[in-house]
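Asker: Before anything else, here's the structure in question.
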Amino acid sequence: MVRRETPTPNNKKQTDFLVMDSRQTIGVSLTPKRFGTVNWYGLWSLYKKEVHRFLKVFTQTVAAPMVTALLFLAIFTLALGRAVETIGGIPFSQFLAPGLITMAMAQNAFANTSSSVVSAKMQGNIVDVIMPPISPTEFVIAYVMGGVTRGMFVGLTTWIGMSFFVPMEVHSLLHLVYHATTASMMLALLGLIGGIWADKFDHVAAITNFVVTPFAFLSGTFYSISRLPEPFYTLAHYNPFFYMIDGFRYGAIGVSDTAPWIGMAVMAGVNAALGLLAWRMVSTGYKLKA
Amino acid sequence: MAARRPAAHKVTLAARRIVGINTLGVATLIWRQVIAEFLAFKLVLLGPALQALLFAVVISLAVGTRIAEVGGLPFLAFLAPGLVIAAAVQRSFESTAFSMVHEKLEGTIGDVFGAPLTAGEILTGYTVGATITGICIGLPVWLVLLPFGAGLPLHGAVMLYFVLTGCVILAFFGLIAGMQSHRWDSLSAKETFVLTPLLFLSGSFFTIDALGEPFRSMMMANPIFHLVNGFRYAMTGYADAPVWVSATVVGILAAVLCLIAMRLVAIGYKVKD
């Protein structure tokens, strides 16, 4: 890791800063800092940057999704609660809550990585991430873990918010944590890939509107897919979002539309494939390096 | 100190006014508001329509035939007017609020406030632009909902009244919120914590009968409820509350917000510092 300058207090004048910088250049040769196979320092810094980025606007990135999820819970329970009292023996609101939490986590994990990469590209400061000796693997891991962290923050606050209105249970903590992590990871990877591909914010908005939202809505958050007529029932099984919501719901209330281990395997497979794609894009510098 | 300028010079610099109104200025402002929306975000037109389509599909799948009727209507026919007007008024809010914050951050707000436009003309430009944008968003939503039981309006004049008043109210509200906000996150806080709850809990998705007492009165106090109620009456003939009450409430609200927005624009609140 190249050490460009020692951290200066913010109130230092620009001139002081320049003097310090040149003195340091003279005193210390600019050879890269030695690190082992993994640049832990770089990885950790990039991850920290990603987390601080969303924590700085906490109301927009964590509180707002919680409010939206609660509103969805309210309107769907009010609108459909009388007609659809139970799904598979579970009260409708209890069936709905885990799906809404997963949706909120997924959408925010996607928003975190995609907006970070696109805004860095638009503002030109993406070079600050590409130039340092951070390997493609470290790049992908840091961004994705940033997205996963936001997903977890949103999931946790939404869970707490919902527990005031709906009895929330944990049927299997293992499934809950596994699916929360893999769901956030899948969408964070999609966000990374989409962000690298996109040239402007509109492209990200298009992916959100035409890919993420439809997949999330049609994933069985609002209904049990066993109710679907035939071509759609089979089609629903090709939607990876279905497995993440189904698995998370199994972890919460112990009811699922498919066997839990299938969901776990699908999520692992999809994540591996997306991870490989993202890694490939970063290492070839697709739309990142001129 | 200042030398007297020749009168001719003054005349050339003044805006041309027709009946005391700078028509060219207002038309340009409206045009800019509408064009900015669609040139910058072509796909924005389709976003709300797709969202409404997803809502309709998801609800048909979740409910199936289990909800036969709400207030004598098929459930989706009941739902459609709410989705249409909610999409239109939300976009109208965003049109004025986003451009206000954007221009303030970019520093181009001076181009509007420095132009020879009166407060009334600025307000008209922004509001009419936002209303046109709102209608351009509402129309595709209505179109995609046609196969799900949205129909032609029963009372055209009533529909027009509620659409226009709704868009105008939210345009004023957006202008006020935009003028108050210095940063994007303070605006989005207003949208998330004030506008979205009002929109979602406006009875677009459920009848007022689904609620118990304290909430029922609270909903009657929600102006968006009156917009949805009036619009739904115009489209389907079903109303949760008397339509003349809703018409009065939204009319008064529009007038009050108009005065506040006018005052803020006139003094250049948080703009002319």
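Only the coordinates and a few stated rules stand behind these numbers; no lab work does. All values reported here derive from a predicted model rather than from experimental measurement. Every residue, glycine among them, receives a Cβ derived from its backbone with ideal geometry; neighbour counts consider all protein chains shown.
Asker: Could you go through region A:156-167 in sequence order and give the Karplus-derived ³J(HN,Hα) for each residue, using 6.51 cos²θ - 1.76 cosθ + 1.60 with θ = phi - 60°, rounded to whole Hz, and x for Gly and Pro?
Answerer: 5, 5, 5, 4, 5, x, 6, 5, 6, 10, 10, x
Asker: Residue by residue through region A:124-134, what is 3J(HN,Hα) from phi via Karplus (6.51 cos²θ - 1.76 cosθ + 1.60, θ = phi - 60°)? Round to whole Hz and write x for glycine and proline.
Answerer: x, 8, 5, 4, 5, 9, 7, 5, x, x, 10
Asker: Could you compute the FRET efficiency for residue B:46 and residue A:37, with r as their C-beta to C-beta distance and R0 at 41 Å, rounded to 0.05?
Answerer: With R0 = 41 Å, the Cβ-Cβ based efficiency is 0.30.
Asker: Near the amide H of residue A:87, under 5 Å away, which other amide H atoms are found, from residues 5 or more places off or on another chain, if H is placed in the peptide plane?
Answerer: So residue A:87 has HN proximity to A:92.
Asker: Next up: Quick one: Kirkwood hydrodynamic radius for region B:103-206, alpha-carbon pairs, angstrom, one decimal? Let's see the in-between values first.
Answerer: Values: mean 1/r = 0.0622 Å⁻¹.
One decimal place: 16.1 Å for the Kirkwood radius.
Asker: What fraction of the Cα pairs in region B:49-127, stated in percent, has a spacing above 19 angstrom?
Answerer: Working: 1748 of 3081 pairs.
That tail contains 57 percent of the Cα-Cα pairs.
Asker: For chain B, list the DSSP H helices whose alpha carbon atoms reach 27 Å or more along the long axis and whose average Kyte-Doolittle value is 1.6 or above?
Answerer: Span-like helices, by this rule, are B:156-180, B:243-267.
Asker: Let me ask something else about it. Please determine, in degrees from 0 to 90 and to the nearest 10, the orientation of helix A:40-55 with respect to the longest principal axis defined by the Cα atoms of chain A, where the helix direction is its Cα long axis.
Answerer: In chain A, helix A:40-55 runs at an angle near 60 degrees to the longest axis.
Asker: Would you mind telling me which residue in B:139, B:123, B:61 has the biggest mean-square fluctuation in a Gaussian network model of chain B, where springs connect alpha carbons within a distance under 10 angstrom?
Answerer: Looking only at B:139, B:123, B:61, the biggest GNM fluctuation is shown by B:61.
Asker: With a cut-off of 8 Å between alpha carbons and a minimum separation of six or more residues, what is the relative contact order of chain A in percent?
Answerer: 23
Asker: How far apart, in nm, are the 7 Å Cα→Cβ label points at residue B:155 and residue A:211?
Answerer: Between residue B:155 and residue A:211, the simple spin-label model gives 4.7 nm.
Asker: Next up: First obtain the Kirkwood hydrodynamic radius of chain B from its Cα pairs, then insert it into the Stokes-Einstein equation at 4 °C and 1.567 mPa s, and state the resulting D in µm² per second as a whole number.
Answerer: 65
Asker: Follow-up question, since we're still on this one. Calculated from DSSP H runs of 4 or more alone, at -39500 (n - 2.57) each and per residue, what is the 222 nm mean residue ellipticity of chain B, nearest 500? Provide the component values of the computation, followed by the final result.
Answerer: Values: 12 runs with 191 residues, N = 273.
That calculation yields -23000 deg cm²/dmol at 222 nm.
Asker: Could you pull out the trypsin sites (Lys or Arg not before Pro) across region A:53-104 that fall in loop regions by DSSP (anything but H, G, I, E, B) with no more than 11 other Cβ atoms inside 10 Å?
Answerer: Passing sites in region A:53-104 are A:56.
Asker: Another question, if that's okay. Pop the C-beta distance of residue B:216 and residue A:163 into the FRET formula with R0 = 25 Å and round what comes out to the nearest 0.05.
Answerer: Details: r = 26 Å, r/R0 = 1.03.
Given R0 = 25 Å and the Cβ-Cβ separation, E is 0.45.
Asker: Measure out, as a whole number of angstrom, how far apart the alpha-carbon centroids of region B:201-258 and region B:54-112 sit.
Answerer: About 15 Å separates the Cα centre of region B:201-258 from the one of region B:54-112.
Asker: Here is a follow-up. Which whole-number percent gives the relative contact order of chain B, counting Cα pairs below 8 Å spaced six or more residues apart?
Answerer: Once normalised by length, the contact order is 26 percent.
Asker: Would you look at the GNM of chain A, springs on alpha carbons closer than 10 Å, and say which of A:67, A:118, A:204 moves the most?
Answerer: A:67
Asker: Can you give the translational diffusion coefficient of chain A in µm²/s, computed by Stokes-Einstein from the Kirkwood radius over Cα pairs at 10 °C and 1.306 mPa s?
Answerer: Roughly 77 µm²/s, to the nearest whole number.
Asker: Let me ask something else about it. Anyone know which of B:244, B:31, B:184 comes out most mobile in the 10 Å Cα GNM of chain B?
Answerer: Evaluated over chain B, the most mobile residue of the options is B:244.
Asker: What list of ³J(HN,Hα) couplings, whole Hz, do you get for region B:189-196 from phi and the Karplus terms 6.51, -1.76, 1.60, once you set θ to phi - 60° and write x for glycine and proline?
Answerer: 5, 5, 5, 6, 9, 10, 5, 4
Asker: On to the next question. What does the C-alpha gyration tensor say about the overall shape of region A:232-290? Classify as rounded when a/c is under 1.5, otherwise prolate if a/b is larger than b/c, or oblate. Each step should come with its number before you reach the end.
Answerer: Values: a/c = 3.56, a/b = 2.58, b/c = 1.38.
Judged from the Cα gyration tensor, region A:232-290 comes out prolate (a/c at least 1.5, a/b above b/c).
Asker: Okay, next question. For a quick check: with amide H placed at 1.01 Å from N, whose amide H comes under 5 Å from residue B:21's, ignoring anything fewer than 5 positions away on the same chain?
Answerer: Correct list: empty.
Asker: Which entries in A:49/B:272; A:56/B:270; A:49/A:287 show an alpha-carbon gap greater than 29 Å? Intermediate results must be reported in sequence, preceding the final value.
Answerer: Details: A:49/B:272 36 Å; A:56/B:270 24 Å; A:49/A:287 22 Å.
The answer is A:49/B:272.
Asker: Also, I was wondering about something else. Cα centroid distance between region A:199-275 and region A:70-141, in Å?
Answerer: 12
Asker: Once Rh is set to the Kirkwood radius over Cα pairs, what Stokes-Einstein translational diffusion coefficient, in µm²/s, holds for the protein assembly as shown at a temperature of 10 °C and a viscosity of 1.306 mPa s?
Answerer: It comes out at roughly 61 µm²/s.
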